[in-house]
Amino acid sequence: MASLRYTALSVPQHEFPSKYGSCRKPITLMPRKTPPSPAASSSFPISAASTDASPAAPDKPVIKLEFIGPKPGPDGSYPLDKAEAISGEKLLRNIMLDDKIELYAAYGKVMNCGGGGSCGTCIVEIVDGKDLLNERTNTELRYLKKKPESWRLACQTIVGNKQNSGKVVVQRLPQRKK
Ligand code: FES
């Protein structure tokens with residue numbers, strides 16, 4: 001049996017040094033060990049390690065809003081609603097709807113365009129803090145051409161620019177004040 005192995009390796013039996021003895025023992029091939037991946041060798045799970053490595057998110061600037069109602073109540077004071085928004089992340093219309101602050105007059109409640117800038121029913125007046133908002137859009141210039149400069153369409157008005165902060169005072173339904 002040993003001679004058969006030598007023949008297969010093309011090594012003549014006489015060239016085999018005697019000190020190696022006979023080659024009766026078959027060679028056993030061991031499976032190669034693969035090095036462990038860095039993730040597996042880490043003492044932390046990947047999710048925990050990556051979470052710990054990220055820096056804490058800095059606080060984003062906030063715009064505070066006050067909404068004055070169009071008509072005084074029985075005691076003579078105007079209703080006031082308050083809200084807050086991260087600067088530059090929301091339209092005024094969405095802030096008002098999310099906070100359930102009345103935006104539309106009777107007609108606009110049923111006939112508004114859903115914020116598409118095509119109905120002109122989401123009018124508000126900016127009493128204070130207009131510098132914290134975007135400039136009037138072309139849609140507003142068209143719908144509000146003959147209206148006071150302080151009037152805006154809430155669906156076109158971005159509250160903040162992601163860097164500024166402060167307070168904006170909004171008159172709801174300014175057309176009802178007359
Ligand atoms: S919701 Fe229609 S123009 Fe603003």
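Taking the criterion of being modelled with pLDDT of 95 or more, more than 10 Å from the ligand (Cβ to nearest atom) and buried (at least 16 other Cβ atoms within 10 Å of the Cβ), the only residue of segment 98-119 that qualifies is Ile101.
Table: residues versus (1) under 19 Å from Gly115 (Cα atoms); (2) assigned by TED's automatic domain parsing to the domain that holds Lys90; (3) out of contact with any helix residue (DSSP H, G or I) (no Cβ under 9 Å at 6 or more places or on another chain); (4) away from the ligand (no atom under 12 Å from the Cβ).
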residue: Asp131; (1), (2), (3), (4): no, yes, yes, yes
residue: Glu135; (1), (2), (3), (4): yes, yes, yes, yes
residue: Glu140; (1), (2), (3), (4): yes, yes, no, no
residue: Arg152; (1), (2), (3), (4): yes, yes, no, no
residue: Cys155; (1), (2), (3), (4): yes, yes, no, no
residue: Ile158; (1), (2), (3), (4): yes, yes, no, yes
residue: Lys162; (1), (2), (3), (4): no, yes, yes, yes
residue: Ser165; (1), (2), (3), (4): no, yes, no, yes
residue: Val170; (1), (2), (3), (4): yes, yes, no, yes
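Within segment 143-169, the set of residues being farther than 25 Å from Lys82 by Cα and surrounded by fewer than 13 Cβ atoms within 10 Å (Cβ to Cβ) comprises Lys145, Lys146. Of all residues in segment 123-142, those that are without any contact (Cβ under 8 Å) to a residue 24 or more places away in the chain and either within 15 Å of Lys177 (Cβ to Cβ) or not acidic (Asp, Glu) (or both) total 6.
The values are calculated or read from the model by the stated rules, or taken from the named source; none is laboratory data. These figures come from a predicted structure and were not determined experimentally. Methodologically, a virtual Cβ is constructed for each residue, glycine included, from the backbone with ideal geometry; neighbour enumeration extends over all protein chains shown.
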